[in-house]
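The next block holds one structure in the form of structure tokens; read it before the comments.
The values are calculated or read from the model by the stated rules, or taken from the named source; none is laboratory data. Remember, it's a predicted structure, so these values are computed and weren't measured experimentally. Neighbour counts run over all protein chains shown; Cβ positions are idealised from the backbone, glycine included. Side chains are part of the model used for accessible areas, which takes the heavy atoms of the whole protein and leaves out ligands, DNA and RNA. Shrake-Rupley method; radii C 1.70, N 1.55, O 1.52, S 1.80 Å.
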Amino acid sequence: MSRRVLITGLGAVSPLGSGVARFWQGLLVGGARPVPLPDPRAHMRSPLMYLVPGDAVPVAPAHHGHVPLGPGPRMAVAAAREAVADAALGPQFCSAMPVVMGVEMGNAAMHEARRAAGTPADPDGPWNPLTVTASAAATAVRARGSNVSVGNACAASGYAVSVAADMIREGEAEIVLAGGAEGPTRVGLGVFNRLGAADPEACRPFDRHRKGTVFGDGSAMLVLESAEHADRRGAVPYAELAGFAWSCDAHHLTAPEPSAVQAVRAIRDALTDAGTDADRIGGVIPHGTGTPLNDAVESYALREVFGERCDRLPLLNLKAMIGHTAGAAGAFGCLAAALLIRHRSMPASPALQDPDPECPVWIPQDHPVPLAPASVLVNAYAFGGTNVSLVVTEAQEAA
Amino acid sequence: MSELVVTGLGITCPGVAKPSDAAAPRQEPSPGWFDVSCALPGRGYKRLPAACQYLLAAARNALADADAPFDGVPDERRGLVVATNNAAMELTEHQDGVILASSADEIGPLTAPFFVLSLFASRLATEHGVRGFCLTANSPRTAGLQALRLAGRALACGRADLLLVGVTEERLPESEPGSSHSDCGAAVLVCGPAASTAAETAYGDCRIGDVFLEPGGEPDPALTRAWNVVCAGAPGPVLVDAVLDDSAIGGAVASWLARRPVETRMVRAGAGCLTPMRHVVGALAGGGPERVVITAAAEGAVTMARVRPARHAGEQTISHRTMSARS
């Protein structure tokens, strides 16, 4: 029997504002709207993003060592501090705590700013790595355990959360800070425009007229803790990370494997790992990006696993509310799942203009619905066909 | 702490002919040093980013070296962990330049998706039918050694029966700071769990530990704890390859090593996470005494790998290479 992993702290900076409370309140009122990236040199057809409001983007820390920090790492620092405070972790608990973060573009904004300014670089000077986010977050909370950055693209922080949970299950750590963070990126937006995968209106997963995704930025952080440790110090968990599983399509660079065999396997293996079954899942936070193929294949995968119950199994259309936060998306999904379980409720998602019949899922759009049973499936997928599914449940009483 | 047993090695680096030379000093890549049509004959390779080509070629060599170990392993029991820091930096700089100068519509379509770092691993997964999992690590400098730890943990958790662990890097573009000392090339290891891998076919095993140092803080206790964990159960290696830069963190690790009863070979760290893994490959293939490879990022992460080569590893490398040449 592997060790149980609880979620005992949350932190977030999102397009809905700074802090977990604003994130939840933002979900209750239907989420944010995309705006053009404020970059006059973002020469592309659709420069839309769901951006963290300017006053919610921290100005510090400006540097980590010699590396200037852009919005992504700075937001990670703020979210990490909130999560650690939320879990009531004093310094004695952080000293050996690992930090595992899912980061794809990381500090890209600073590299892009330097290129746009034409600032010359010193070829013999110190290297400016792209992925300093986990290091900046660890320094901020004085975490001195392993410091790992996972780069599985849009599934990165889903993998990071599960790597962190494996550390606890394997007895390497009692507490791990896990999450993801991304800032705005001109290159990311540009390439998605080039690939015809950027929707010019909004992020509209599962809508018949969806034309691609719209990126968002922000950071979501979770404190994961062994049940024994949480019990010893009297921590009150939001939820339990009961199970998770990985798979890989090994099919195509950008398109999901159309039969969804591996996506289905990840979901089923996650349910098995959690010791539960499809009938005991009360809601789903899908990957749901708004790209035509992803949403259709994911809908098919969900129907394969949940059957006709899909007609009454509520989905939270999270990316329609905060955009596709790329490497941070899986962590935002887990954070939202923990809040759904805390509140026993699934907020209404933005109204679909025209639900896609190729995506036969149920997305409550008129009002919140009760979450029953109190357990949520979270999916995170990525280019290249890397899949991770996680099952977040109500924390069970210690045996 | 989980251990990995290594049964195959492959390397594609400028000036390196075989795995036992992997720890040789880093050479600048000369024009044409890598011949893609020779290393990767067939269709579909020439237009891939260079770091993807390096990775695919090194994986081919590693799998051949291990005598096609995936043949008896179902797709869904194969795993892959790839580490990289700079595989896509040159490409993304070019893409950004196109956006700045004209329009995103002018970005080259074939390589466009490779701005996503994990696609280098995904392309390798597709090449070899790896459907268990495909993980990418991108921690500055330490990602290569961390990939070994991620792989060992995944095996311990039952996520695969056999896996590839790789590192791939491309030189930084000249517009990036630190470009004059950046890693280039790839290394791949075929790895299995210690319990189920026949010792007579192995190069040896690895055990990984890591810590995070506070800039300006007192590093000794944390480094000593990590060392004790990594080197537990044995007298401990006295040979250390230290891949460090001249940052405060690198200096702190160097000072700590200077106070230990070890013989340290200092190696100048460049931009990227390949050089530490080259030293792991070199130690395994060389079949010499046990050693620790340690590296540190200026940002604070420190990772160490205890490498225990099998006594016959050097001979095995020769025999495998002979077989590959015959085929």
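The residues of segment A:89-99 that are open to solvent by 20 Å² or more (accessible area, probe 1.4 Å) and assigned to a helix (DSSP H, G or I), listed by number, are A:P91, A:Q92, A:F93. Restricting attention to segment A:208-241, the residues being within 19 Å of the chain's Cα centre (by Cα), open to solvent by 10 Å² or more (accessible area, probe 1.4 Å) and farther than 15 Å from A:V392 by Cβ number 1.
Filter segment B:110-120 down to the residues that are in a loop (DSSP other than H, G, I, E, B) and more than 7 Å from chain A (Cβ to nearest Cβ), then identify the one that is most open to solvent (accessible area, probe 1.4 Å). Restricting to residues being in a loop (DSSP other than H, G, I, E, B) and more than 7 Å from chain A (Cβ to nearest Cβ), the top hit is B:L110.
Per the conditions (1) in contact with a Lys or Arg (Cβ under 8 Å, 6 or more places away or on another chain); (2) surrounded by fewer than 16 Cβ atoms within 10 Å (Cβ to Cβ); (3) of a type in the set (D, E), the sole criterion not satisfied by A:D356 is (2). Under the condition of being in contact (Cβ under 8 Å) with a residue 40 or more places away in the chain and open to solvent by less than 30 Å² (accessible area, probe 1.4 Å), the residues counted in segment B:31-49 number 2. The set of residues from segment B:230-270 being farther than 20 Å from B:P215 by Cβ, part of a strand (DSSP E or B) and in contact with a strand residue (DSSP E or B) (Cβ under 6 Å, 6 or more places away or on another chain) comprises B:L239, B:V240, B:D241, B:E263, B:T264, B:R265, B:M266, B:V267. Looking only at segment A:242-290, residues that are assigned to a loop (DSSP other than H, G, I, E, B), hydroxyl-bearing (S, T, Y) and under 19 Å from the mean Cα position of the chain (by Cα) come to 1 in all.
Of the residues making up segment A:266-275, not a single one is surrounded by fewer than 19 Cβ atoms within 10 Å (Cβ to Cβ), more than 28 Å from A:P355 (Cβ to Cβ) and among the aliphatic types (A, V, I, L, M).
Okay, residues lined up against (1) farther than 30 Å from B:R171 by Cβ; (2) at the interface with chain B (Cβ under 10 Å from one of its Cβ atoms); (3) surrounded by fewer than 24 Cβ atoms within 10 Å (Cβ to Cβ):
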{"site": "A:V67", "(1), (2), (3)": "no, yes, yes"}
{"site": "A:G72", "(1), (2), (3)": "no, no, no"}
{"site": "A:A83", "(1), (2), (3)": "yes, no, no"}
{"site": "A:A87", "(1), (2), (3)": "yes, no, no"}
{"site": "A:M101", "(1), (2), (3)": "no, yes, no"}
{"site": "A:G106", "(1), (2), (3)": "no, yes, no"}
{"site": "A:P129", "(1), (2), (3)": "no, yes, no"}
{"site": "A:S149", "(1), (2), (3)": "no, yes, no"}
{"site": "A:I175", "(1), (2), (3)": "yes, no, no"}
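Residues that are within 11 Å of chain A (Cβ to nearest Cβ) number at least 2 in the following helices (runs of 4 or more DSSP H) confined to segment B:20-109: B:89-101. When segment B:3-18 is filtered for residues that are more than 16 Å from B:P31 (Cα to Cα) and either open to solvent by 10 Å² or more (accessible area, probe 1.4 Å) or in contact with a Ser or Thr (Cβ under 6 Å, 6 or more places away or on another chain) (or both), the ones remaining, listed by number, are B:E3, B:V5, B:T7, B:I11, B:A17, B:K18. In segment A:1-39, of all residues being within 30 Å of A:H229 (Cβ to Cβ) and surrounded by fewer than 16 Cβ atoms within 10 Å (Cβ to Cβ), the one that is modelled with the lowest pLDDT corresponds to A:M1.
Consider B:V82 carefully, then state whether it is under 21 Å from B:G144 (Cα atoms) and either among the hydroxyl-bearing types (S, T, Y) or touching a strand residue (DSSP E or B) at 6+ places or on another chain (Cβ under 6 Å) (or both). The answer is yes for B:V82. Pick out the one residue from A:A372, A:A348 that is aliphatic (A, V, I, L, M) and under 22 Å from the mean Cα position of the chain (by Cα). Answer to the check: A:A348.
Does A:S162 satisfy being open to solvent by less than 10 Å² (accessible area, probe 1.4 Å), among the small types (G, A, S) and away from chain B (no Cβ under 14 Å)?
So A:S162 does not fit the description; no.
Among the residues of segment A:94-111, are any free of Cβ contacts under 8 Å to residues at least 40 places away in the same chain and farther than 30 Å from A:E228 by Cβ? Quick ask: steps written out before the conclusion?
Looking only at segment A:94-111, we keep the residues that are free of Cβ contacts under 8 Å to residues at least 40 places away in the same chain, and these are A:111.
Of the ones still in play, those that are also farther than 30 Å from A:E228 by Cβ are A:111.
Within segment A:94-111, one or more residues are free of Cβ contacts under 8 Å to residues at least 40 places away in the same chain and farther than 30 Å from A:E228 by Cβ.
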